[in-house]
1. Please state which one of Phe249, Phe296 is buried (at least 20 other Cβ atoms within 10 Å of the Cβ), more than 12 Å from the chain's Cα centre (by Cα) and in a helix (DSSP H, G or I).
2. Among the listed residues Pro112, Pro132, which satisfies the condition of being farther than 22 Å from Tyr164 by Cα and either surrounded by 20 or more Cβ atoms within 10 Å (Cβ to Cβ) or not hydrophobic (A, V, I, L, M, F, W, C) (or both)?
3. What helices (runs of 4 or more DSSP H) lie completely within the stretch 171-240 and have 3 or more residues being in contact with a Leu (Cβ under 7 Å, 6 or more places away or on another chain) and in contact (Cβ under 8 Å) with a residue 40 or more places away in the chain?
4. Any chance you could count how many residues in the stretch 16-57 are of a type outside the set (Ser, Thr, Tyr), surrounded by 14 or more Cβ atoms within 10 Å (Cβ to Cβ) and not in a helix (DSSP H, G or I)?
5. The conditions are (1) closer than 16 Å to Gln202 by Cα; (2) modelled with pLDDT under 95, and Trp276 fails exactly one of them. Which is it?
6. Out of all the residues in the stretch 100-150, which are under 22 Å from Phe60 (Cβ atoms), among the polar types (S, T, N, Q) and not in a helix (DSSP H, G or I)?
7. Among the numbered criteria (1) out of contact with any strand residue (DSSP E or B) (no Cβ under 7 Å at 6 or more places or on another chain); (2) modelled with pLDDT of 95 or more, which single criterion is violated by Phe271?
Amino acid sequence: MTNFQGILDTIYETAKATKNKGEVANYIPELAKIKEDHFGMYLNKLQGEDYFVGEWDIPFSIQSISKVFSLALAFSMLGTKNILTRVDVEPSGNPFNHLSLLEQEEGIPRNPLVNSGAIVIADILVSELKNPKEDFLQFVRDLAHDQSIQFNEKVAASEAKTGYNNFAAANLLKSFNNLNNDVEAILDFYFHQCSIEMNCKQLSDAFFPFANQGSCLKGNPHLNKNQVKRINAIMLTCGFYDEAGEFAFEVGLPGKSGVGGGIVALLPGEFTLTCWSPGLNDKGNSKLGMLALESFTTQTQLSIF
């Protein structure tokens, strides 16, 4: 029987002893205030106990991890085919905020997990939801079965103040007629979705449906099996910006990272696993988080491969 707690404890001790923990995302002023030496993990087994270590209970800004939730909500409302007429599913091979491919490919983002693709998904949700921010937040709360989850308004305001690249992407999308709403309204929604704060347990709980054929911890269906299949495939190939291939090679799980230092990954039918360490590598992914998840799948021999 696998000693999951022992493995997490060993990973934690190695992480805390590592001198170079990466650099926090200082281009977002509110995130620049976070110390890089935080580290926590939470493993949610679909069958059996949960395991955790370190600062798993400290809320952090999930940032781009929220793109999985917005894509899931859009899929659940409109189906995959209607969404994929406006955004592709190919890996970008470029940083999350790169704009050259967007212009080259005439306003069709490479995938929904780069910024431009997530902005298109935000536009869809702004069109479809009666109260976009409130309805999206409630969707995330329902996935996690936790009504305490909130936006961090300071982070949202900080992103709006410094998000010039996102404004550029949105205006470029608008010029190609791939946005239907006002840029300001779309980006207000987008900045808020990225500002959601969750801890490692909440994220592992919220990702439970992606490991459980669309049903949450309470057994309520939120997505169908085909939608979960598509989302997991996109996470595997596109979930880590221009380091997605490295994550698939080293870790071997579908997952998603955010510049707040969170990484969540899953093995269908087995578990969800969240790691938080706010120091980033040069690709914008948690430096210790990447190492921790590679160590976990190596030691447990649990991956999709």
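1. It is Phe296.
2. Pro132
3. 200-206, 208-211, 225-238
4. 25
5. It is condition (2) that Trp276 fails.
6. Of everything in the stretch 100-150, those that are under 22 Å from Phe60 (Cβ atoms), among the polar types (S, T, N, Q) and not in a helix (DSSP H, G or I) turn out to be Gln147, Ser148, Gln150.
7. Unmet for Phe271, out of (1) out of contact with any strand residue (DSSP E or B) (no Cβ under 7 Å at 6 or more places or on another chain); (2) modelled with pLDDT of 95 or more: (1).
The values are calculated or read from the model by the stated rules, or taken from the named source; none is laboratory data. Please read these numbers as outputs of a predicted model, since none were measured by experiment. Cβ coordinates were reconstructed from backbone atoms using ideal geometry, including for glycine residues, and neighbour counts include every protein chain displayed.
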